[in-house]
1. Among the residues of the range 135-143, is any in contact with a Pro (Cβ under 8 Å, 6 or more places away or on another chain), polar (S, T, N, Q) and within 24 Å of Glu81 (Cβ to Cβ)?
2. Among (1) surrounded by 13 or more Cβ atoms within 10 Å (Cβ to Cβ); (2) at pLDDT 95 or above, which single condition is Lys197 missing?
3. Give me the helices (runs of 4 or more DSSP H) completely within the range 191-291, filtered to those with at least 2 residues that are of a type outside the set (Val, Ile, Thr) and more than 25 Å from the chain's Cα centre (by Cα), ordered by residue number.
4. Which one of Glu157, Glu172, Glu183, Glu176 is acidic (Asp, Glu) and touching a strand residue (DSSP E or B) at 6+ places or on another chain (Cβ under 8 Å)?
5. Somewhere in the range 85-92, is a residue in contact with a strand residue (DSSP E or B) (Cβ under 9 Å, 6 or more places away or on another chain), at pLDDT 95 or above and within 20 Å of Thr156 (Cβ to Cβ)?
6. Spot the failing condition for Ala89; the list is (1) within 17 Å of Pro26 (Cα to Cα); (2) in contact with a Leu (Cβ under 8 Å, 6 or more places away or on another chain), and only one is missed.
7. List the residue pairs whose Cβ atoms are under 9 Å apart, where the first residue sits in the range 123-136 and is within 15 Å of Gly390 (Cα to Cα) and among the charged types (D, E, K, R), the second is open to solvent by 90 Å² or more (accessible area, probe 1.4 Å) and modelled with pLDDT under 95, and the two are 6 or more positions apart or on different chains.
8. Can you give me the number of residues within the range 12-34 that are within 21 Å of Arg118 (Cα to Cα), acidic (Asp, Glu) and open to solvent by less than 70 Å² (accessible area, probe 1.4 Å)?
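The values are calculated or read from the model by the stated rules, or taken from the named source; none is laboratory data. Predicted model only: the values in this text are computed from it and were never measured. Positions of Cβ are backbone-derived with ideal geometry, glycine not excepted, and every protein chain shown enters the neighbour counts. The accessibility values were calculated without ligands, DNA or RNA, using every heavy atom of the protein model including side chains. Shrake-Rupley method; radii C 1.70, N 1.55, O 1.52, S 1.80 Å.
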Amino acid sequence: MIAFRTLDDADLADKRVLVRVDLNVPMESGRVTDDTRLKAILPTIRTITDKGGKAVLLSHFGRPKGRDESQSLAPLAKALEAQLGRTVAFAADCVGDAAEDAVARLAAGEVIVLENTRFHAGEEKNAPDFVDALASLGDIYVNDAFSTAHRAHASTEGLAHKLPAYAGRSMEGEIEALTRALEAPARPVLAVVGGSKVSTKLELLGNLVRKVDILVIGGGMANTFLAAQGKAVGKSLCEHDLADTARDILKKAEAAGCEIVLPVDAVLATEFKANAPHRVASVDDVGAAEMMLDAGPETVALVERKIEAAKTVVWNGPFGAFEMAPFDAATVAVARFVGKLTREGRVLSVAGGGDTVAALNHAGAAGDFSYVSTAGGAFLEWLEGKALPGVEALRR
């Protein structure tokens, strides 16, 4: 386990606690459409305020180039207020007089959201003067945004070198879950990697074949591996130019003792649309005009047998075009199977990545997994074996 300080190690009473959170949530017409990340930070905020600390929240929102009121955190302060059930103040800037005055007015146990850190160029540049300006507003720094830990920005990494630094509850839980899944797992370890392209997950695949016992490859990227084995894939999504790369990954897996599981049958259609006419066939029987849009029932049964023998399951990416019926069947079936084994205490299951979370929610299985990360890029980089600046900065 990574050795880092947590809120249990901090004296929070009457301290100004700068908390890096992730308020970069989906919004439509000024309303939050997915409050998962808001709910995730509540335990950290409550720990700080219950212990008499002053919670000063830092976050980015969107990709503004300078101040842009359309990307203000003001609506998020209101949304957080509703979740927290208590007043959440808002400051019109994250540094300077507006921030200093607002933080100075805070009483013990109160909460404030400072304006979007990315309104300042110094945030993404991790500029020393901007780090100093932020640090002047706090006595303690807490990082509770694993989702931004792969960025060495002022509020995600720089502050950890200026103030006593601690992991928040959400950060603590994320690191513990990922460590249990990949760094010190119960074996056998099975990983499911799906999605559209091999090219976006080369480093991930390269790292996993060295760390897991069984690697199940699904989605469009499986087509590239099947084509590399000489199979006809018709008009399926496939990176034919990566055939050599796919064969190299297969060789590395064999050398590492990692079993690769590829689809043995598929759901085929000639149109990429919901409820398109379709058939189920062996991966050796794909017509020139057909596309593989989902794994077939024989593949689902094979994968479930492999999962049943595993102790740890790591999941990133769907098996097929899960957004469209009936091409969601494999993803839904396997997700529910993993959820069932998790509920029974037979596997530890960790999943993450944007499409993955959406797919597990679609299957109604997300709540059954041991841990579902909403981190996206940071989750992937962890799986790829990369050091995350925001996590490294919290080491004791």
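1. no
2. Of the numbered conditions (1) surrounded by 13 or more Cβ atoms within 10 Å (Cβ to Cβ); (2) at pLDDT 95 or above, the odd one out for Lys197 is (2).
3. 219-228, 243-256
4. Glu172
5. Yes - at least one qualifying residue is present in the range 85-92.
6. So the condition that Ala89 fails would be (1).
7. Glu124/Arg151
8. Qualifying residue count for the region: 1.
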